[in-house]
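The values are calculated or read from the model by the stated rules, or taken from the named source; none is laboratory data. The structure displayed is predicted, hence computed values, not measured ones. Backbone-built Cβ (ideal geometry, glycine too); neighbour counts: all protein chains shown. Keep in mind that these areas ignore ligands, DNA and RNA; they rest on the heavy atoms of the full protein, side chains included. Shrake-Rupley method; radii C 1.70, N 1.55, O 1.52, S 1.80 Å.
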Amino acid sequence: MKNLVIAVDGPAGAGKSTIAKIIAEKLNINYIDTGAMYRAVTYKCLQNKIDINNENEVIKIAKDIQIEFKDNNIYIDGNLLQEEIRTMKVSNNVSNVAKIKDVRYLMVDVQREIGEKNSVILDGRDIGSYVFPKADYKFFLVATPEERGNRRYKELVNKGYEVKLDEIINDIIKRDEIDSNREFAPLVKAEDAIEIDTTGKDINEVVESVLSKINL
């Protein structure tokens, strides 16, 4: 039986990672958080005081970094990364790193290699449109900027961060613009993707919507 590949795309805060993680557990397949890969590169750049706008320096970091997924967790250079890559500082810079063509080439190579070896569900901005255009199933999750901003706000407040809701919503709108207008592999819904609006829906509702479309 061939490996199963499920692509879950959508803008920041649409619930992709949460939904994909649950689907992976329910189907007993590997979950690859592609966004975490770009966050990991961003985190390492910031740790090394690399100017995010210096593309050559960012590409060097992306070439040197070793990324692995174990038990649905991301490791860089052998170290487990969790909350370190979810800070506002990383969030505010990750879109500028992710839009660099050579960085995307490097990360996509890793993603495809993993997908060729295992049954996987991947979430990101361009999984169904570019990384795995022949994925078995493609989903595109959307929600209003206000809904996505509110989710992110609650998440950060629960983690003890002092943040402002309007700033988070504005940041999400800005990230949407960068992701949708980048030159290479922009955020776009694949023609054959199933769109699911998660606005006003709880996690279980969205999970059931996705699972109802998957025939195994």
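Remarks
- Any hit, region 160-168, residues being surrounded by fewer than 18 Cβ atoms within 10 Å (Cβ to Cβ) and in contact (Cβ under 8 Å) with a residue 60 or more places away in the chain: yes
Each row is one residue, and each column tells you yes or no for (1) basic (Lys, Arg); (2) loosely packed, with under 15 Cβ neighbours inside 10 Å.
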| residue | (1), (2) |
| --- | --- |
| ARG104 | yes, no |
| LEU141 | no, no |
| ASN158 | no, yes |
| ARG182 | yes, no |
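- Count of residues meeting criterion [farther than 20 Å from GLU147 by Cβ and among the hydrophobic types (A, V, I, L, M, F, W, C)] in region 172-192: 4
- Residues of region 88-115 that turn out to be touching a Leu at 6+ places or on another chain (Cβ under 8 Å) and under 15 Å from ASP171 (Cα atoms), as a count: 4
- Any hit, region 117-124, residues being of a type in the set (Val, Ile, Thr) and in contact with a helix residue (DSSP H, G or I) (Cβ under 9 Å, 6 or more places away or on another chain): yes
- Leading residue by the ranking (nearest to GLU205 (Cα to Cα)) among those in region 1-58 that are in contact (Cβ under 8 Å) with a residue 60 or more places away in the chain and acidic (Asp, Glu): ASP9
- Filter result for ILE76 (in contact with a strand residue (DSSP E or B) (Cβ under 9 Å, 6 or more places away or on another chain) and under 27 Å from PRO145 (Cα atoms)): no
- Selection status of TYR137, open to solvent by 40 Å² or more (accessible area, probe 1.4 Å), under 16 Å from the mean Cα position of the chain (by Cα) and of a type in the set (Ser, Thr, Tyr): no
- Counted residues, region 204-216 - those being touching a residue at least 60 places away in the same chain (Cβ under 8 Å) and either open to solvent by 80 Å² or more (accessible area, probe 1.4 Å) or hydroxyl-bearing (Ser, Thr, Tyr) (or both): 2
- Residues in region 86-109 that are out of contact with any Asp or Glu (no Cβ under 9 Å at 6 or more places or on another chain), of a type outside the set (Phe, Trp, Tyr) and within 30 Å of LYS134 (Cα to Cα): VAL94, ASN96, VAL97, LEU106, MET107, ASP109.
- Residue match in region 155-163 (condition: within 30 Å of ASN3 (Cβ to Cβ) and of a type in the set (Asp, Glu)): no
- Among the residues of region 119-162, the one identified as under 18 Å from VAL108 (Cβ atoms) and of a type in the set (S, T, N, Q) is SER129.
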